[in-house]
Amino acid sequence: METTTTTKALDLEFELENGKSFTITCPDYLDDLTKEQVEAQAAEIIAAGAFAPDGFNLSKFKSFEYIDKTTRKTEIDA
């Protein structure tokens, strides 16, 4: 029997105060998101100071990517 699953996510990549990268993954993004909407929300995340991995705040928004994944699983009867 084969099953198929489709997932999608939006990865937001930020730079930390120490120069390292930090990625936030947002599952099940809306299909009609615009670049402007993503950038505006990323700015809100930075302004809110909601994330400080290892004690370093987010300093700037670097990039984003849409990830669409389809997985097919086939089970073999033993």
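The values are calculated or read from the model by the stated rules, or taken from the named source; none is laboratory data. Everything quoted here is computed from the prediction, not taken from an experiment. Ideal geometry is used to build each Cβ from the backbone, glycine not excepted, and the neighbour counts take in all protein chains shown.
Brief remarks on what is shown
- Of residues in the range 50-70 being among the polar types (S, T, N, Q) and closer than 20 Å to LEU30 by Cα, the one farthest from the chain's Cα centre (by Cα): THR70
- Whichever residue in the range 1-24 is loosely packed, with under 10 Cβ neighbours inside 10 Å and touching a residue at least 40 places away in the same chain (Cβ under 8 Å) and, among such residues, is farthest from SER59 (Cα to Cα): MET1
- Scanning the range 31-62 for residues that are out of contact with any Phe, Trp or Tyr (no Cβ under 9 Å at 6 or more places or on another chain), outside any helix (DSSP H, G or I) and surrounded by 10 or more Cβ atoms within 10 Å (Cβ to Cβ) gives ALA50, ALA52.
- Test: residue in the range 68-76 that is of a type outside the set (D, E, K, R), at pLDDT below 95, assigned to a loop (DSSP other than H, G, I, E, B) and surrounded by fewer than 10 Cβ atoms within 10 Å (Cβ to Cβ): yes
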